[in-house]
Structure formats: structure tokens, C-alpha cells
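Since the structure comes first, as C-alpha cells, the remarks are kept for the end.
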Amino acid sequence: MTFDATAITLPTSVRTAIERLGVRGFSAYAVGGCVRDSFLGRAPQDWDITTSALPEEVETVFSDHRLIETGIEHGTVTVLFEGQPLEITTFRVDGDYIDNRHPSSVTFSRSLEDDLARRDFTVNAMAYHPEKGIVDLYGGREDLQKKLVRAVGDPEKRFDEDGLRILRALRFASVLGFAIEEKTAAAIHQKKDLLRNISPERIREEFCKLLVGVGAKEILLDYSDVISVFLPEISPCVGFDQKSKYHCYDVYRHSVEALSCAKPDLLTRLALLLHDIAKPSTFSLDRHGGHFYDHGAKGAEMTEEILKRLRFPNDTIERVTLLVEKHDFPIPATERVAKRLMQKMSDEDILRLMEIKRCDRLAHAEGYREPVESLSAIPELVKKIRAEEACFNLSGLAVKGDDLIRAGIPQGEEIGRALQMLLDKVIDGELPNDKRILLEFIAANR
Ligand code: ATP
Ligand code: MG
């Protein structure tokens, strides 16, 4: 990590914009995430500019560019540089927060100091100007060095102002692989219920980033009380003794361990976090130990409800729910099984299901882990089935509904049943996918 100006290479558009504002007598800096990421040697996702110019002044300075005004009441003008959007925001002091959510007023300021003071964490509160250098009023560089997320100012006050910052702290710690500074951490635990005032959409956005971060495991384990505020279903899992020789962890710890073995893919990690969510409610005990009959199916129901509540897109809800439902099904490596899976999910999701099984197994007690090597067989079979263009669903079946109508089967439900029966026989290898033979079979078996 380099903490001087040499770490920062401004894209041409950013440099040009800062210079142009300067020529017109305004001060302007690159600020926030882009400065932080440059110091960390990570490619910034986007470059934000903060300036003393008021929004209408920014519009005048860039009147020869295309402008987007959507954020203007917060002081943001988006300027398009050769099609690339650059957000330029006026220095702000946030007004009183009356509902722990949104400032009741946005006051513009002519001072960079004000603007840095309203930012959430020290590592996010640094600014850079190509001639004036780095402005770091809160020890952001020191915290980068120490790998700490620390609130700017008094953490309790800052969380009172905006409860989302509680989850943002966890998100940045997870994504950057940082710890959370002691006082900030204490305030997070103490103020966690402020997250109840935050919209599900904003929670979801931060939580998704948290889940795919390098430090997700540590954060999920250390802050399960905070996560429980918007995901109360995990509370019974925390500390839940599985009473099983196969498990060395409680349900929650097992889920988080499994999640941390997985690639940083959102759907996979969501499914792993939730795969055993129904274990506490399906627990039974006999002389062999703990059992969790139907925890996959019940878990799928709970998953659907949770993801709906957090306003995930329908596609994500459907896919994660199916992954949770199937996570515990035995999947013998046969073409038949592969084809049945292909009927239900995309090839990509079949790979996810196998990754989920792999991670689930790895998070079992040593000596009681099923081998993971065999899990690559199904994806190989899927490839083979694709290469052979073998039939695995109705659209690949050599016989269509029309053929059956012509063969004299009455329209309606019976057609559907006949097609499904033929498909099952083709998938099971009992009949070839051949139109003549299939129609003969139907004729003989009506
Ligand atoms: P990313 O790379 O994920 O976009 P980022 O640091 O740019 O990270 P954003 O959410 O895009 O994060 O916010 C941009 C900057 O705005 C932050 O770096 C921070 O300075 C400030 N900021 C954003 N949200 C808040 C908030 N709720 N409270 C205070 N400051 C905030
Ligand atoms: Mg950003």
C-alpha cells in the first residue's frame, strides 16, 4: 500500500473536470471510495468529484456536455464525458436527521472540511487534488494501514443520524477484509435496532455486498445480533446444537463456514447462508442423535419469505429457493439424474448446486465429511448431454402435442400427461427419442 499522491492516477475525464472547475474559481477534489481504493491498490469502481460549485454552477461550467440532473436536490450533477458518467456533487453539510434515515435538509457549503465531516468512515472521508494533494482530516490513511473501519466523529451520533451506516460498516469491513474499530463496533451492537427504520431495498443492497466480501465469515460471526435485526430467522440457528457426530458447529456457524468456502457469488452465498435455516424448526431427537427431516423443503419456504421481505428480484428468489430445497438431496451421478436437474434449473445453477454441496460437506466434522471429488461428475454429464443434444425436456422431445392430437388423443390434460410420460421414459432410457417409436408406444399403450 502506498499512501501518497503517487498511488492515485486520475482518469483523464476526472482530471479535466477538476481543472475546469478550478479555472472557473471553484475548488474540486476526487473523494471517497476512489481515493480509498487507489491507496489500497484496488481499481476504483467509479470516481466521485466533490466541489464548492453549486449545482447550477456545475451545470454552467459543463454546459457543453450532456448532463443528467436526477440527483440534483442532493447536489449531484452527472456529467457525461464521452458517454461515461461522472458524478459531481456540491460540498454538503447534512441537516438534522429526524427519522434516522434521511437528512431533513441538505445544506450546501463552500468548505471541503464540512463535506468530509458528513462522510461515514475515515477511510471514505479522504479527498485528492492533483496539485493540492491529499486531504485526510480523520486519519483515513492510518486506518487503512491498521485495516480498520472507524466512524468519522462520534459513532453513536453518526448511527443515530443514519441507521444504514451500521450495515455499511459491516459491508466495508467484509469487502475490505478490515476489522471494526472498538468504539465503532460497540456502537454498532448498541444501536443495531436503528436498522429497523431502514428500507428493505437499502438493507438488501449493503447486505449483498457484505455476503460476497473476503471478510464475510468474520463479520457474520461477530455481528450475528446485528444481522438478526433484519434476518430474525437466524437467531434460533445461533448456538443451536445439532446433536450429531457429523457436525462440529452449531447451525449458524456451520452455515457461515460453508458460505466462506464458496466462491464470491451472491446466489451461491445466499443459498449457503440459508440452506439450514429450517433446522431448528424441524429438529427431532432419537437414540441416534439429532435429525432434521424435510429441512430442505421447509428451508425453501422460509428462504422465499425472507428474500421477498428483503425485496430481492423474483428471479433471484426462485433460484435461491430451489437451491436451498435441493441442497440436501442425494444426487447420484447418472445421466438420468443430470437430465432431471436440467429440466428444473439452468446449467449454471446446477454448477451452483454442486458448489453448495461441496461447501456444505467441507463444513462438516472432520472424519464425517462426504468426499467432494464425486461432485464434479454431474457437471461433466451435463456437458455430455448438451454435446449429444440429448433430450431432457419437453421442447427436446421428438413428439409434440400436435402429433398426439393427430394420433387421436383428446385435447386437454391427457395430452400433457402423455407427453410427460414419454419424456420420463426417454430420460430413463426406456425409449429412444424417436418420433415413430414414441407414437407407436402411445398407440399400443392407450
Ligand atoms: P463503492 O466502491 O462500493 O461504491 P464507495 O465508498 O464509493 O464504495 P458509496 O456507497 O458509493 O461507497 O458512497 C460514496 C461515498 O459517499 C462514500 O465513500 C462516503 O464517503 C459517502 N457516503 C455514502 N453513503 C453514506 C452515508 N450513508 N453516510 C455518510 N456518508 C456516506
Ligand atoms: Mg461508490
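As a length-normalised measure over Cα pairs under 8 Å and 6 or more apart, the relative contact order of segment 139-239 settles at 30 percent. A simple count of charges around residue 301, restricted to other residues whose Cβ falls under 12 Å of its Cβ and scoring Lys, Arg +1 and Asp, Glu -1, yields -3. Looking at segment 60-140, which trypsin sites (Lys or Arg not before Pro) are DSSP coil and have at most 14 other C-beta atoms within 10 Å of their C-beta? Counting only loop positions with at most 14 other Cβ atoms within 10 Å, the trypsin sites (Lys or Arg not before Pro) in segment 60-140 are 110, 132.
Cβ distances below 4.7 Å define possible disulfide partners, and in the chain the cysteines left without one are 34, 208, 237, 248, 391. Other residues with beta-carbon under 11 Å from the beta-carbon of residue 271 carry, at +1 per Lys or Arg and -1 per Asp or Glu, a net charge of -1.
For trypsin sites (Lys or Arg not before Pro), the sites in segment 344-383 that DSSP calls loop and that have at most 14 other Cβ atoms within 10 Å are 369.
Ranking 200, 215, 291 by how far each Cα lies toward the positive end of the dipole of the chain (charges on Cβ) leaves 291 at the top.
I'd like the carbon and sulfur percentage of the solvent accessible area for segment 231-388, probe radius 1.4 Å, heavy atoms only, ligands and nucleic acids excluded. The value for segment 231-388 is 52 percent carbon and sulfur by accessible area. Over the chain, the alpha carbon radius of gyration divided by the compact-protein estimate 2.2 N^0.38 Å works out to 1.25. Contact order, relative form, for the chain: 8 percent (alpha carbon pairs under 8 Å, 6 or more residues apart, mean separation divided by residue count). When only the Cβ of Lys, Arg, Asp and Glu is charged (+1, +1, -1, -1), the dipole of the chain relative to its Cα centre reaches about 920 debye. When you count the other C-beta atoms within 10 angstrom of each residue and take the mean per peptide, 159-171, 204-216 line up highest first as 159-171, 204-216. Cross-link candidates for residue 400: which lysines have Cα within less than 26 Å, leaving aside residues fewer than 8 places away along the same chain? Partners found: 339, 344, 383, 384, 425, 435. Counting only DSSP beta bridges with both residues in the chain, what percent are antiparallel, rounded to the nearest 5? Around 80 percent of the beta bridges assigned by DSSP in the chain are antiparallel ones.
Applying both filters, DSSP loop and at most 14 other Cβ atoms within 10 Å, to the trypsin sites (Lys or Arg not before Pro) of segment 257-323 gives 287, 311. Highest mean packing comes first when the peptides 24-31, 230-237, 193-200 are listed by Cβ atoms within 10 Å, giving 24-31, 230-237, 193-200. Note that the chain presents 48 Å² accessible area per residue, ligands and nucleic acids not counted, probe 1.4 Å.
From its DSSP helices (H runs of at least four residues, each -39,500 (n - 2.57)), the chain gives a residue-normalised ellipticity at 222 nm of -14000 deg cm²/dmol.
The values are calculated or read from the model by the stated rules, or taken from the named source; none is laboratory data. Only a predicted model underlies this, so the values are computations on that prediction, with no experimental measurement involved. Don't worry about glycine lacking a Cβ; one is built from the backbone with ideal geometry, like all the others, and counts go over all protein chains shown. We work out accessible area using only protein heavy atoms, side chains counted, and drop any ligands, DNA or RNA first. Shrake-Rupley method; radii C 1.70, N 1.55, O 1.52, S 1.80 Å.
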